[in-house]
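Reading through the structure tokens given below for one structure.
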Amino acid sequence: MGKASILLVEDDADIQQLVSYNLIKSGFNVTCADSGEEALQILEQEPVDLVLLDLMLPGKDGMEVCTIIRVKTDIIQPPIIMLTAKSEEDDIVTGLSCGADDYVTKPFSPRVLIAKVQAMLRRKQEKIPRQQRPDKETIRIHSMVIHPGRHEVLVEGKQIHLTGTEFTILEQLAGRPGWVYSRQQIIDKIRGYDYIITPRAIDVQIFGLRKKLGDKGNFIETVRGIGYRLREEG
């Protein structure tokens with residue numbers, strides 16, 4: 001997979017240089033635009049994986065540009081992170097309501113911004129394998145057959161009865177073998193961002209899942225200090 005492409009829309013030259021430098025250093029391809037109008041032209045000409053959009057721009061401001069992007073049907077819709085010097089609640093709510101996926105208020109740490117970009121791209125990437133799976137999203141690995149549509153798991157042809165939470169965890173891990181998921185990512189997948197559940201509860205669910213899968217449960221590996229993954233075949 002090639003480098004992710006980031007469109008940075010920022011009219012302040014110093015901020016544009018600082019942010020683009022840190023993005024490039026972190027392994028991204030970066031295209032810069034000084035205005036909303038220029039950003040819209042770029043989006044029509046080339047695919048972009050994520051947009052960093054300043055709120056205060058000459059001509060069309062960030063809110064207007066964000067709204068225009070979200071109603072356009074001739075472009076692949078990228079995630080949008082709003083950059084703003086305003087921290088008032090109304091501005092944040094307005095930015096999110098017009099289609100932004102996240103926001104960062106100035107002054108911000110480049111490391112925090114990069115972390116948000118990486119997290120947003122990771123969420124976007126996690127949706128792709130699900131859309132591209134053949135056989136109606138059936139997952140086959142380690143003599144296990146996972147049917148998301150039927151909420152069914154077969155291990156060497158024998159049906160295994162899992163709880164909804166256990167099934168969701170197994171589907172997430174099996175969807176990207178070898179990929180490490182943090183406990184927080186698993187929590188978010190199970191219940192959504194507003195549901196309160198502890199990392200310890202995830203450990204308990206993993207324990208129960210391994211037990212039900214029998215020998216196949218050994219393929220669920222603990223990555224110390226991070227989370228869990230399903231070992232790749234081979």
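Here, each number is a calculation from the coordinates, and none is a lab measurement. Source: prediction; values computed, not measured. Positions of Cβ are generated from backbone atoms using ideal geometry, with glycine treated the same way; all protein chains shown enter the neighbour counts.
At-a-glance table
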quantity	calculated
0 to 90° range, to nearest 10: angle between helix 199-213 axis and the chain longest Cα axis	40
Folded to 0 to 90 degrees: helix 62-71 orientation relative to the chain principal axis, Cα	50
From phi via Karplus (6.51, -1.76, 1.60), per-residue ³J(HN,Hα) for region 18-28 in Hz, x at Gly/Pro	5, 5, 5, 4, 5, 5, 5, 4, 8, x, 9
Hydrodynamic radius by Kirkwood, which averages 1/r over all alpha carbon pairs of the chain, in angstrom	19.9
Positive-end residue of 187, 77, 177, charge dipole of the chain with Cβ unit charges	177
Angle between the chain longest axis and helix 36-45 axis [Cα atoms, degrees, rounded to 10]	50
Length-normalised contact order of the chain in % [C-alpha pairs under 8 Å, at least 6 apart]	12
As computed over region 133-230, the Cα convex hull volume per residue (Å³)	97
Charge dipole magnitude, Cβ of K and R +1, D and E -1 - region 133-230, Cα centre, debye nearest 20	120
Lys pairs under 22 Å by Cα in region 5-129, provided they are eight or more residues apart or on distinct chains	13
Compactness index (Cα Rg / 2.2 N^0.38 Å), region 4-62	1.03
q = 0.09, 0.15 Å⁻¹, region 5-129: log10 I(q)/I(0) [Debye, one scatterer per Cα]	-0.21, -0.62
Neighbour-count ranking [beta-carbon atoms within 10 angstrom, fewest first] of 90, 188	90, 188
Estimated 222 nm signal from helices in the chain, with DSSP H stretches of n ≥ 4 weighted -39500 (n - 2.57), rounded to 500	-14000 deg cm²/dmol
Cα lying deepest toward the dipole's positive end in the chain, options 53, 162, 100, charges on Cβ	162
Given 10 as the ceiling on other Cβ atoms within 10 Å, longest exposed-site-free region of the chain for chymotrypsin sites (Phe, Trp or Tyr not before Pro) in DSSP loops	1-192
